[in-house]
Structures are given as structure tokens and as C-alpha cells.
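Enquirer: First the structure, which I've put down as C-alpha cells, then a few questions once you've had a look.
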Amino acid sequence: MTGRGAEPDVELLVESARDAIEAAETSDDIRAVATAVSGKRSPLALAHRSLGACSPEERKQRGQLLNQARSEIEGLLERRRAQIEAVESRAAMEADRADLSELVPGTVVTAPGRGHLSLVTRTRDALEDVFVGMGFEVAEGPEIETDWYNFGALNIPPAHPARGMWDTFYLDLDPPESTLLRTHTSPVQIRLMEGAQAAGRLPIHAVMPGRCYRRDTPDARHLAVFHQVEGLVVDEGITFADLAGTIEVFTAAYFGADIHARLRPAYFPFTEPSAEFEITCTICRGAGCRTCSQTGWIELGGCGMVDPAVFAAVGIDTERWSGFAFGFGIDRCAQMRHQIADMRVLTENDIRFIRQF
Ligand code: FA5
């Protein structure tokens with residue numbers, strides 16, 4: 001190989017990669033093109049390999065050219081991949097959009113149809129699949145809880161002002177306010193940590209889906225009976241970056257790369273630091289609408305690093321272990337995934353809605 005003619009052939013290589021990348025239309029296409037233009041057997045890789053036969057001066061010059069070519073090709077691939085993902089995720093969202101238009105008279109279903117799982121159950125299953133794919137186990141806990149598991153062990157002692165964050169349904173049992181319908185899935189974290197600590201089964205990487213209850217007035221984004229999925233990781237050397245990365249991977253996997261997510265500082269008594277996790281409202285695409293109270297953003301859940309007081313309540317050694325936790329609304333995820341303007345349709349049993357899923 002000689003230095004003469006090196007530049008045109010590298011230019012040619014970039015040009016033909018550019019043509020192939022621009023011609024790609026689907027995720028499968030772009031994957032195949034990526035292998036062809038920058039994979040181990042691509043002309044680019046072969047050109048790199050042949051540098052060994054060049055003189056040191058030539059190697060330096062041509063090596064630089066080839067590195068520039070590689071970063072240009074990778075940039076082109078990245079851009080095209082993002083465009084394709086955005087188009088595909090928009091198309092998937094569009095296909096899932098709920099249609100609440102009136103039934104055409106005369107199309108009433110006469111024969112009993114075959115039933116199917118509700119949208120919320122299917123959303124829970126889909127969310128579980130995403131987290132299981134990321135290495136989490138699935139656990140469950142009771143819906144009727146004691147004050148200790150729902151509040152006390154979570155660093156919310158009686159009369160703590162944070163109790164006001166959860167309007168609670170209490171059971172009519174003695175002593176008063178000792179037993180309740182869980183207001184969130186966070187008590188399952190406590191049960192899991194207690195069990196794992198007692199049995200010497202740390203670390204923990206688990207998600208805990210389930211039904212929750214609050215004396216919330218139903219509106220476009222709230223129900224009195226709703227669902228959350230809790231996440232908990234307790235391991236050595238866990239940092240906020242692990243939490244942020246997990247949420248990012250989850251959002252991209254569940255909502256698609258097109259949806260923007262952000263973390264905002266927040267307060268929860270059982271995590272420190274804490275954050276709220278929001279995505280662009282899928283109803284108005286961020287422009288502001290009734291569903292998102294004109295903010296353009298929808299809160300999906302809360303998260304943060306497990307507070308040392310919580311580890312102390314379950315006897316976990318904070319010298320060795322650290323962890324993060326999160327809790328998302330499953331109904332909220334379904335609402336955003338399927339662009340449902342008002343969450344109350346999830347409970348109304350309107351056959352026009354149910355049959356769409
Ligand atoms: C909690 O319940 C915390 N336990 C979350 C958490 C877990 C924080 C672990 C830190 C660590 P919050 O009250 O914000 O936080 O509820 C979390 C999510 O549940 C909300 O963002 C929303 O998506 C959903 N949610 C809450 N209340 C309702 C409701 N009434 N109807 C439907 N979804 C709701």
C-alpha cells in the first residue's frame with residue numbers, strides 16, 4: 001500500500017457508507033448497514049488492518065484519515081438510527097392510540113366475545129418484562145398493611161408532616177389507625193429487605209408491582225384504587241448514577257427513544273437525595289393540555305437513594321450496602337403509552353374502550 005491515492009479511497013469509503021446509511025429505512029436495515037460499514041469485516045476495518053503494511057509515516061497519516069472516516073461514519077449511523085427509532089416509536093404509539101369515538105349504531109356486539117386481560121394487567125406484565133430483562137426479580141406484598149410497614153419503617157413516624165402526602169384509608173380495627181390499605185408499594189421494599197437481611201440473601205435487585213389505595217378524588221391523572229411498580233436495588237457501591245441509568249434504560253425500552261424523560265429534585269422521607277421522574281406528556285407532546293395541567297410534563301413516579309434511616313429500620317449495614325428505590329404509577333404508564341386523556345376510563349368498563357386492547 002502507498003500513501004498516494006489514500007485520500008480519495010477513504011473519501012470513497014465514506015461516500016458509499018453514507019449512501020448505504022441514508023438508504024436504510026428500518027431498525028433491521030440500519031443494524032445490517034452498521035455491520036456492513038463499520039463491523040469487523042467492513043472495508044473500513046480491512047483498511048485499518050492493512051495499516052500494518054505501511055511505512056510509519058504513511059501509517060500515521062492514513063491512520064488519522066481512517067479514524068476521521070470512522071467517526072464520521074459512526075456519527076451518520078447514530079443520526080440515522082435516531083431518526084428511524086423516532087419514526088418507528090411514533091408509529092407504534094399511533095397504532096396504540098385509544099379511540100373513544102361513538103359506536104356506529106347497529107354494530108352492537110350480539111354474540112359474547114372472548115375476554116382478555118385488562119390494559120392495566122397487560123401494562124404491569126409489559127413493565128415486568130422490561131425490568132426482568134434488566135436483571136430484576138419480581139416480588140409482591142400484601143395490600144392490607146400495618147402502619148409500621150406503610151409509614152414507620154419508611155422513616156415516617158406518627159404525626160410526621162409527610163403523612164399528609166398520602167391520604168390514607170384506615171381499617172376499622174383496634175388500635176385506631178394501626179391497619180390500613182397500603183398507599184404505595186414502598187412497604188414491600190421493607191418486607192423484602194427484612195427477609196433478605198434475616199436470611200443473608202443480600203444483594204437485592206427487585207421490582208414489586210401491586211394495587212394501592214388513596215383517598216384521592218379521581219381526575220384525569222388520579223384514581224382512588226391504582227397500581228404502582230416499586231423498584232429496589234441494594235448492593236455494594238450503588239450510586240445515584242445507577243438509579244438515573246436504570247430509569248433512562250427503562251424509559252427508552254418502554255416508551256421508545258422519542259419520549260423525553262427528566263428527573264427533578266423532590267422530597268420523600270425514605271430516600272435521600274430524592275427525585276421525581278417525569279416524561280413529556282404524550283397527549284399534547286409537551287405543548288400543554290388538560291391532562292398535564294398545561295405543564296407539558298407528566299409525573300410517572302418518585303425515586304432516590306435509600307435513606308440510612310430505612311436501612312437502620314431493617315438492620316442493614318450502611319457501611320457495606322447502599323441502594324436506590326423508585327415507585328412508578330402503572331396506570332399512569334398505560335395512560336401515557338396509549339395516549340389516554342382521562343385515566344378514569346380505565347375503571348368505567350366501557351366496552352368501546354376495553355375492546356381496543
Ligand atoms: C410514592 O408513592 C413513593 N412511594 C414513590 C417512591 C418510591 C419514591 C421509592 C422514592 C422511592 P407518589 O405519591 O409521588 O410517590 O406516587 C408515585 C406515582 O404513583 C405517581 O407519580 C403516579 O404515577 C402514581 N400515583 C400516585 N397517586 C396516584 C393516584 N391516585 N392515581 C393514579 N396514580 C397515582
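Enquirer: Among the residues of the stretch 183-205, is there at least one that is farther than 19 Å from L243 by Cα, surrounded by fewer than 20 Cβ atoms within 10 Å (Cβ to Cβ) and β-branched (V, I, T)?
Expert: From the stretch 183-205, those farther than 19 Å from L243 by Cα are 183-184, 187, 191, 194-201; that's our starting set.
Still in the running and surrounded by fewer than 20 Cβ atoms within 10 Å (Cβ to Cβ): 191, 194-201.
Restricting the remaining residues to those that are β-branched (V, I, T) gives none.
Checked against the condition, which is being farther than 19 Å from L243 by Cα, surrounded by fewer than 20 Cβ atoms within 10 Å (Cβ to Cβ) and β-branched (V, I, T), the stretch 183-205 yields no hits at all.
Enquirer: Anything in the stretch 262-287 that is small (G, A, S) and exposed (fewer than 15 other Cβ atoms within 10 Å of the Cβ)? List them, or say none. Give the steps one after another, and end with the answer.
Expert: If we filter the stretch 262-287 for residues that are small (G, A, S), which is where we start, we get 266, 274-275, 286-287.
Within the stretch 262-287, just A287 meets the criteria.
Enquirer: Of E143, E102, E128, E137, which residue is of a type in the set (D, E) and modelled with pLDDT under 85?
Expert: One residue alone meets the criteria, E102.
For (1) hydrophobic (A, V, I, L, M, F, W, C); (2) touching an Asp or Glu at 6+ places or on another chain (Cβ under 9 Å), each residue gets a yes or a no:
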{"position": "A287", "(1), (2)": "yes, no"}
{"position": "E299", "(1), (2)": "no, yes"}
{"position": "G302", "(1), (2)": "no, yes"}
{"position": "V306", "(1), (2)": "yes, yes"}
{"position": "A313", "(1), (2)": "yes, yes"}
{"position": "F324", "(1), (2)": "yes, yes"}
{"position": "Q335", "(1), (2)": "no, yes"}
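Enquirer: If you take the residues of the stretch 292-310 that are farther than 17 Å from L243 by Cα and crowded, with 19+ Cβ neighbours inside 10 Å, which of them is nearest to the chain's Cα centre (by Cα)? Before you say what the answer is, go through the steps one by one.
Expert: Within the stretch 292-310, the subset farther than 17 Å from L243 by Cα is 292-298, 309-310.
Checking the rest, the ones that are also crowded, with 19+ Cβ neighbours inside 10 Å come to 292, 298, 310.
Details: C292: 19, I298: 13, V310: 25 Å.
The selected residue is I298.
Enquirer: Taking helices (runs of 4 or more DSSP H) that fall entirely within the stretch 248-357, which contain at least 3 residues that are within 13 Å of the ligand (Cβ to nearest atom) and either under 27 Å from A220 (Cβ atoms) or acidic (D, E) (or both)? I'd like the intermediate steps shown before the answer.
Expert: On the way: elements: 308-314, 330-337, 351-354.
The helices (runs of 4 or more DSSP H) meeting that bar are 330-337.
Enquirer: Return the only residue of R191, R215 being part of a loop (DSSP other than H, G, I, E, B) and in contact with a Phe, Trp or Tyr (Cβ under 9 Å, 6 or more places away or on another chain).
Expert: Numbers: R191 fails: part of a loop (DSSP other than H, G, I, E, B).
Only one candidate passes the filter, namely R215.
Enquirer: Can you report the number of residues in the stretch 215-231 which are within 18 Å of the chain's Cα centre (by Cα) and either more than 8 Å from the ligand (Cβ to nearest atom) or without any contact (Cβ under 8 Å) to a residue 60 or more places away in the chain (or both)? Talk me through it step by step, then tell me what you get.
Expert: Let us first name the residues in the stretch 215-231 that are within 18 Å of the chain's Cα centre (by Cα), namely 227-231.
Then keep just the ones that are either more than 8 Å from the ligand (Cβ to nearest atom) or without any contact (Cβ under 8 Å) to a residue 60 or more places away in the chain (or both); that gives 229.
Matching residues across the stretch 215-231 total 1.
The values are calculated or read from the model by the stated rules, or taken from the named source; none is laboratory data. Note that the structure is a prediction, hence the values are computed from the model and not measured. Positions of Cβ are generated from backbone atoms using ideal geometry, with glycine treated the same way; all protein chains shown enter the neighbour counts.
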